[in-house]
Amino acid sequence: MIPIIGVDAIRPHLDVERLIPSADAALRAISAATAQTPLFILHPNTWSDIHVKSAALPDFPIFTVKMAGWSQKLAEKGEPASSGMIVVFDSETCRPIAILNDEHLISDYRTAAAGAVAAKLLAPVDARRALIIGTGVQAFLQTKALLAVRSIDAVDIWGRDEGKTSSLVARLRDIYPHIDINIVEDLQQSAPAADVIVTATAAKEPVLQAEWVRPGQHITSVGSDDASKCELDPQILASAQVFVDSKTSALAFGSTQRALHQDLLCADDLVELGSALEAGHSYSKAGVTVACLTGLGVQDLTVVNSLWPLLRKDV
């Protein structure tokens, strides 16, 4: 029987700051083409999707296959919208050795860690105000990720649901009592005031418009992870430096795909974060930087591999 490691055994080992090196390694592996990391997205109905992401890396003792689902129906009911599990295989024998019943938790944290890498590389070093668009798990974790790499004094939160927005603000205030954390209602007014903007929504149409963006800002988009979603006005990408976790995914999904289809962007304009890390890219105040993160299975693998010595104790 294949051992199952539950979410309660996994949660204590997950920390955004601790996982930044794993995210960095994954992004570099994508750009270096050392990772096998295929991706399949299924839409069982119009209100849900399930991502099947697998990955293998040379010299890793394990490889992983993840199945992660998301449901708009559950989100509307106020229930956890994400679900999933990761199967761990032995790289030498290809035998399954464990099922991580993480309920999407590893995916959540590895996405946040990738956001931290992007912010550390691209956000203004003197950034003091951030705007978070969204109220879900990723909005919370991306805030933690940003605060881990930048000395932010004020965080503005915008969300469509008043109750969820208030709840997120209260939760963040408890953790960061020294930071000015507030609800904002007018994105058109709040966006230009921010040094860093994070969009963490499931929006089908842009929530951030080009006329609200100014030179010197950094934007990270983490919600547009399939072809149906688009958080950013494509015009933003037309005049920005655009960084992605994977060119292959960026051509097919999210705001980058829409900008490409509208001839506002071409594939050669896209820079993979792994390549930028290798090149020692440095922040410039000359324009706008955008990081569009869609997520690949190698990000799950590097996290699981880093935790495996701890997790295998439960096998």
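The values are calculated or read from the model by the stated rules, or taken from the named source; none is laboratory data. Just so we're clear, the structure is a prediction, and the values are computed from it rather than from any experiment. Don't worry about glycine lacking a Cβ; one is built from the backbone with ideal geometry, like all the others, and counts go over all protein chains shown.
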Which is under 25 Å from Leu19 (Cβ atoms) and out of contact with any strand residue (DSSP E or B) (no Cβ under 9 Å at 6 or more places or on another chain), of Ala127, Ala113?
Ala113
Residues of the stretch 44-63 being part of a strand (DSSP E or B) and either over 21 Å from the mean Cα position of the chain (by Cα) or touching a residue at least 40 places away in the same chain (Cβ under 8 Å) (or both), which ones?
Asp49, His51, Lys53, Ser54, Ala55, Ala56, Ile62, Phe63
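One line per residue, one yes/no per condition, for (1) crowded, with 23+ Cβ neighbours inside 10 Å; (2) in the same structural domain as Leu273 (by TED's automatic domain parsing); (3) modelled with pLDDT under 95:
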site	(1), (2), (3)
Pro177	no, yes, no
Gln189	no, yes, no
Ala200	yes, yes, no
Val207	no, yes, no
Asp226	no, yes, yes
Ala250	yes, yes, yes
Ala259	yes, yes, yes
Would the stretch 229-251 turn up any residue that is part of a helix (DSSP H, G or I), touching a strand residue (DSSP E or B) at 6+ places or on another chain (Cβ under 9 Å) and of a type in the set (S, T, N, Q)?
yes
Test result for Ile41, without any contact (Cβ under 8 Å) to a residue 40 or more places away in the chain, among the hydrophobic types (A, V, I, L, M, F, W, C) and in a strand (DSSP E or B)
no
Of the conditions (1) surrounded by fewer than 23 Cβ atoms within 10 Å (Cβ to Cβ); (2) among the aliphatic types (A, V, I, L, M); (3) touching a helix residue (DSSP H, G or I) at 6+ places or on another chain (Cβ under 9 Å); (4) in contact (Cβ under 8 Å) with a residue 60 or more places away in the chain, Val125 fails just one. Which one is it?
(3)
Go through Arg150, Arg173 for me and flag whichever is modelled with pLDDT of 95 or more, charged (D, E, K, R) and over 16 Å from Ala119 (Cβ atoms).
Arg173
Lone unmet requirement of (1) without any contact (Cβ under 8 Å) to a residue 40 or more places away in the chain; (2) not aliphatic (A, V, I, L, M); (3) not in a strand (DSSP E or B) for Lys144
(1)
For the stretch 212-228, the count of residues that are within 23 Å of Ala127 (Cβ to Cβ), touching a residue at least 40 places away in the same chain (Cβ under 8 Å) and not in a strand (DSSP E or B) equals 8
